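See structure below.
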Amino acid sequence: MYSSLYDSQERYANDVDVKLVGSLNHGGMMPAQSMTQGSMMAAHAMNQGSMMAGHSMMAAHPMMAMTHPGQMQRALSQTQMQQVPPNFHQRMNEMEMELMKLKVSGMHPMQATADKGLVASQVATLASHSDLTKAYNDLAKAHAELLQKYGDSMSQKLAQGSPSKAATKLRSSDVENGPSVVSNDAVGKPPLEQSLMDNTLLFLPERAVAELGIEPNMDDKGDSKKELWFGRLWELRALMKAKYQSQHRVSSAAEQQLTTEQKRDLALKLQDPQMKARLIRLQARWKGTVYRLRVSFAVLNRLHFCQLRGVLVYAHGSGGCSWDNMRICRMISRMGFLVIAPDGFAYPKDSAMGKIRHKDVLPLHKAKDDIDYWTGDLIYSSAGSGTATYSTKAEKVLENPDDFRTLYEKCYQLRRSELHFTIKNLPRFIKTKGFFLGGTSEGAMTIARFDDQRYGEMVIGRFINSFGIEYCYFTPTPEAGELGGQLDVPTLNIIGTKDQYFGGLDSVAKIVASDPKSGYGDKDLTGNGYKTLLRQGLHVGLVCVQENGVHSPCNTHDNFLRELFDVFFARPGSIWELDAIWNEDPTMKDRVQVQQSSGKLTQVFVPLPKYPNKWSLRRVEAVRWLPSTSATKEMEKELQEDARKQAADQKSAQNLLDQVRQSTSQGGGTGFAGKTGPEKSYYSGDKMKKTALPKR
């Protein structure tokens, strides 16, 4: 730390020795001149060394330079090692003797007198620097003692206020080899009084996982390793808190206790009524700030510059975010999207919202957990309960169809409020970047009816999966069966020909609408949204009708959905000409067949895929271009397995429909009550009459 002074002293002694020798051997220089030059250089070196030493001492102040006990220890070691050279004073004495010898014969009396004065001046300078050296040694010793005392004090404080156990769970291998990655084990207990925001599900792409430095716990179909992450918002906040505490060695709030002296000072201040009132206001402000941060997506602001491909706000089906809902969020996350999915089933069971809808939730999955793509439920650990929880089974719906009709409307109002709350609290960078809306089944009905006009240009596009966008038993009025949002937002509608709930060939919606006595719904049900979207004048849209697809399209067309979403998210304004886009690839020309088209609205038929549904797109692409005998045999075997599973799904769907038919008036049952719809509610007039922004 103080090597600059020692170096200057060493150079001083060496330089003077050289000058003395040069003055005796060089005939053209007077001894006095040599002495003068050497003295000046010596004085300059000493002055410079002293100044540099002072600068080093200031920079080494413990409160300015020491940020860690390890640094203090290194400073102490350097201070103890760097001592004044042992031959320094000896050289000073030798120089005095040499200077005295220069006064011998050969000098003019006046020159000898001048040299005598010069020698005396130099001797005084040497004595002054000797005193300075001694003072410096004393100062260095005192400084070393101060550093030692400060280091011991800091070590004691760190030992008393060590971080919590959860905060220290960083993977050591990552700490040694690169940026620290916080383990999913660091998540503690869920917060009290959980809100919709706390339990919102997040599906993070690879870039987001790397940016946040969290441990990935999810892969996609065909991946060799996990690079994605899914969990709830409160769990992500807990991981970020644990990482911060570990990196900054901050103790948790539960471990921070007031000292006796601090408690005494606080008690004295609270005796002052004005001071007490101020402290109470300060406490309220602080609690309010903390709560506002909790009911926000502030933790996602760190993803602003990680080059996300996009953002999707997703609405799950009537059973929560499992089965195809999870698969769709997973595949879209793999495409580089941040998926935000509010979960209406995760409220605590004893809360007001939990009494409406509830499922017990699984804890955050770890990196080593088995989360196979085709596992049905990776989100919940129990069946659903609550007044707004249902499953559209014949024996339940037909017990009191009018009650279920009202129930569906209540569910929509609940879901639309979830969407508005979520979108309102999105980070500002997401609102300016724009986002997509999407949903499946009940979530698709919500997206279709959702009035997104107030969000204007924020909405880039929407997809409606496994719902026909028609007036049916799932929508209380004809208007509820129409698109409720902006007509200039590119829209994608996906549904199977054998969807057991909303399909056009044979479905619950078709059976209920065809009952001649008390049925309700569009009598000319088509099973898809083309007719509705055309009548409403949608600017850009594509309707995909999947061959033999049931209510779970991933079971038949998983890879098609991936290819479709990839085009839609990249070119939403051109999705209506999907056939022309894919015509550029010889292997994809037969992927869709145009059935009807008007303007920029197109309906296509999607045949069953020629390749196994469980194969990854990477493998499908390889076999498309380089087919082999072994791959062909394996493909035929797996296609047969896919066909067996699809037949089982279709049989289950047919059994449901047969039960519904038996309850119609034609089948000998009581039929369906044909009420005009539920009573008017607070939200009945909520739909905006004008769009938020003028149409271009």
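The values are calculated or read from the model by the stated rules, or taken from the named source; none is laboratory data. This one's a predicted model, so the numbers in the text were calculated from it and none came from an experiment. So basically every Cβ, Gly included, is an ideal-geometry build from the backbone, and we count neighbours across all protein chains shown. Surface areas here come from the heavy atoms of the whole protein model, side chains and all, with no ligands, DNA or RNA. Shrake-Rupley method; radii C 1.70, N 1.55, O 1.52, S 1.80 Å.
Some observations on this one:
- Once region 606-626 is narrowed to residues that are of a type in the set (A, V, I, L, M, F, W, C) and touching a strand residue (DSSP E or B) at 6+ places or on another chain (Cβ under 9 Å), the residue that is farthest from Glu638 (Cα to Cα) is Val606.
- Subset of region 275-306 [in contact with a Lys or Arg (Cβ under 6 Å, 6 or more places away or on another chain) and either loosely packed, with under 12 Cβ neighbours inside 10 Å or in a helix (DSSP H, G or I) (or both)]: Met275, Val299
- Under the condition of being over 23 Å from Thr406 (Cα atoms) and over 30 Å from the mean Cα position of the chain (by Cα), the residues counted in region 446-481 number 0.
- Filtering region 247-257 for residues that are within 22 Å of the chain's Cα centre (by Cα), within 30 Å of Phe463 (Cβ to Cβ) and in contact (Cβ under 8 Å) with a residue 40 or more places away in the chain leaves an empty set.
- Among the residues of region 403-426, the ones that are open to solvent by less than 30 Å² (accessible area, probe 1.4 Å) and free of Cβ contacts under 8 Å to residues at least 12 places away in the same chain come to 1 in all.
- Among residues that are within 30 Å of Pro342 (Cα to Cα), charged (D, E, K, R), in contact with a strand residue (DSSP E or B) (Cβ under 7 Å, 6 or more places away or on another chain) and in a helix (DSSP H, G or I), Lys243 is included.
- From the options Tyr412, Tyr473, Tyr455, Tyr408, residue that is out of contact with any Phe, Trp or Tyr (no Cβ under 8 Å at 6 or more places or on another chain) and under 26 Å from Lys355 (Cβ atoms): Tyr412
- Filtered residues of region 580-606 (kept if open to solvent by 30 Å² or more (accessible area, probe 1.4 Å), modelled with pLDDT of 95 or more and within 19 Å of Asp558 (Cβ to Cβ)): Phe605
- Answer from Gly496, Gly549, Gly521 - the residue that is closer than 27 Å to Lys651 by Cβ, over 38 Å from the mean Cα position of the chain (by Cα) and not charged (D, E, K, R): Gly521
One line per residue, one yes/no per condition, for (1) of a type in the set (D, E, K, R); (2) closer than 17 Å to Trp576 by Cβ:
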residue: Gly481; (1), (2): no, no
residue: Gly485; (1), (2): no, no
residue: Val489; (1), (2): no, yes
residue: Ile494; (1), (2): no, yes
residue: Thr497; (1), (2): no, no
residue: Leu505; (1), (2): no, no
residue: Lys510; (1), (2): yes, no
residue: Asp515; (1), (2): yes, no
residue: Gly519; (1), (2): no, no
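- All conditions but one from (1) at pLDDT 95 or above; (2) open to solvent by less than 40 Å² (accessible area, probe 1.4 Å); (3) of a type in the set (Asp, Glu); (4) more than 22 Å from Gly319 (Cα to Cα) apply to Asp499; the one that does not is (4).
- Considering region 348-370, the residues that are in contact with a strand residue (DSSP E or B) (Cβ under 6 Å, 6 or more places away or on another chain) and assigned to a loop (DSSP other than H, G, I, E, B) include one that is surrounded by the most Cβ atoms within 10 Å (Cβ to Cβ), namely Lys359.
- Only a single item in (1) in contact with a Ser or Thr (Cβ under 8 Å, 6 or more places away or on another chain); (2) small (Gly, Ala, Ser); (3) at pLDDT below 95 is not met by Gly213, and it is number (3).
- Every pair of residues 6+ apart whose Cβ atoms lie under 8 Å, when the first sits in region 262-274 and is part of a helix (DSSP H, G or I) while the second is of a type outside the set (Gly, Ala, Ser): Leu266/Leu258; Lys269/Met275; Lys269/Lys276; Lys269/Leu279; Leu270/Lys276; Leu270/Leu279
- Residue list for region 568-598, filter: part of a loop (DSSP other than H, G, I, E, B) and in contact (Cβ under 8 Å) with a residue 24 or more places away in the chain: Thr587, Met588, Arg591, Val592
Residue-wise test of (1) within 41 Å of the chain's Cα centre (by Cα); (2) closer than 30 Å to Pro490 by Cβ; (3) at pLDDT 95 or above; (4) open to solvent by less than 70 Å² (accessible area, probe 1.4 Å).
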residue: Lys610; (1), (2), (3), (4): yes, yes, no, no
residue: Met635; (1), (2), (3), (4): yes, no, no, yes
residue: Asp658; (1), (2), (3), (4): no, no, no, yes
residue: Gln662; (1), (2), (3), (4): no, no, no, no
residue: Ala673; (1), (2), (3), (4): no, no, no, yes
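- You will find that of Arg618, Arg624, the residue that is at pLDDT below 95, open to solvent by 50 Å² or more (accessible area, probe 1.4 Å) and outside any strand (DSSP E or B) is Arg618 and no other.
- Looking across region 520-555, the residues that are in a helix (DSSP H, G or I) and crowded, with 24+ Cβ neighbours inside 10 Å come down to Tyr530, Leu533, Cys554.
- Test: residue in region 460-475 that is touching a Lys or Arg at 6+ places or on another chain (Cβ under 6 Å) and either open to solvent by 10 Å² or more (accessible area, probe 1.4 Å) or at pLDDT 95 or above (or both): no
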